[in-house]
Amino acid sequence: MYQNHTKETNNNCNKSLLCGHKEKLIQAIKRIKHEVDESREAERETYIESVEVENRFDDLEMEIKAEFQNLHRFLDEEECRDLERLRRERQKQLKQLKEREKKIAEQGRDLEKAIAVLNSKLTEEDSPKLLKVRKSFTE
């Protein structure tokens with residue numbers, strides 16, 4: 001009987017220890033499950049955040065591209081206006097220079113005519129005419 005009692009006591013002890021270990025394991029499993037749930041939630045939140053960041057950067061990229069397109073368009077328009085102003089100014093200055101060149105050429109021809117007239121008068125033997133011509137040129 002003593003042996004049975006000892007066996008029973010040992011069995012009860014073993015059962016008690018086993019129950020205690022089982023309870024600890026159950027609690028550990030619950031904690032781990034909770035951590036798994038938290039981990040999954042953190043993973044989900046991180047995924048959502050990464051999608052939001054991706055979208056934000058896509059929006060910024062599109063905004064930057066649009067701004068640069070606007071700047072390019074503005075600069076192209078400015079370039080066209082500046083080149084047109086330059087073309088008009090070139091034409092104006094060239095026209096003025098051509099007119100000046102034309103006047104100078106006319107003056108040169110007039111001077112050559114005057115030289116020819118004077119040369120022809122020099123060859124004339126009539127001095128009074130020469131004096132008269134000289135007087136008219138000097139006036």
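The values are calculated or read from the model by the stated rules, or taken from the named source; none is laboratory data. Every value quoted in this text rests on a predicted model; they were computed, and no experiment measured them. Just the protein is used for accessible areas: all its heavy atoms, side chains included, with ligands, DNA and RNA removed. Shrake-Rupley method; radii C 1.70, N 1.55, O 1.52, S 1.80 Å.
Couple of notes before you dig in:
- Area of Val53 that stays accessible when all protein chains are in place (1.4 Å probe, Å², to 10): 50 Å²
- Reference-scaled alpha-carbon Rg (2.2 N^0.38 Å with N residues) for the range 27-129: 3.41
- Exposure of Lys65 as accessible area (Å², to 10), given a probe of 1.4 Å and all protein chains: 120 Å²
- Accessible-area value, Thr46, 1.4 Å probe, nucleic acids and ligands omitted, Å²: 80 Å²
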